[in-house]
Amino acid sequence: MSDRDETTEITQDTHRPRPGARLARNMVFYTILRLLLVLLITLAIIGIGLLFDVQVPILVAAILAVVIALPLSMVLFTRLRAEINSDITAVDAGRREKREDLRRRMDEA
């Protein structure tokens with residue numbers, strides 16, 4: 001059995017998703033959370049405007065919400081961002097390992 005076959009069996013035996021799949025899942029989840037945060041803040045700005053009888057245009061409220069949500073999401077979703085960073089590191093390490101293996105095999109040939 002080759003090295004490649006053994007690593008395939010090892011990753012299939014464990015129930016943890018591959019780093020690439022985990023990265024994609026976490027990125028989609030993080031993006032959805034940030035969009036929901038922007039939507040929530042937009043609605044809050046419009047709602048506060050209505051409380052004071054001020055008509056806030058949706059575009060203005062959305063732009064303000066994006067500006068507010070950027071630093072807020074960095075604070076609120078710190079753990080998820082850390083997971084994404086570790087997933088990126090794992091994916092990069094896997095690519096680096098595959099590239100070194102390919103170079104080693106090319107040198108042997």
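Structure data summary
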| item | result |
| --- | --- |
| Every pair of residues 6+ apart whose Cβ atoms lie under 9 Å, when the first sits in segment 96-109 and is closer than 21 Å to Gly20 by Cβ while the second is in a helix (DSSP H, G or I) | Asp101/Asp3; Asp101/Arg4 |
| Members of segment 74-109 found to be in a helix (DSSP H, G or I), surrounded by fewer than 10 Cβ atoms within 10 Å (Cβ to Cβ) and aliphatic (A, V, I, L, M), listed by number | Val75, Met106 |
| Residue check, Arg25 charged (D, E, K, R), assigned to a helix (DSSP H, G or I) and without any contact (Cβ under 8 Å) to a residue 12 or more places away in the chain | yes |
| Exclusive hit being part of a helix (DSSP H, G or I) and surrounded by 13 or more Cβ atoms within 10 Å (Cβ to Cβ), set Leu59, Leu70, Leu33, Leu50 | Leu33 |
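Quick note: the coordinates plus some simple rules give every number you see, no bench work behind them. The shown structure was predicted, so the numbers you read here are calculated from the model rather than taken from an experiment. Ideal geometry is used to build each Cβ from the backbone, glycine not excepted, and the neighbour counts take in all protein chains shown.
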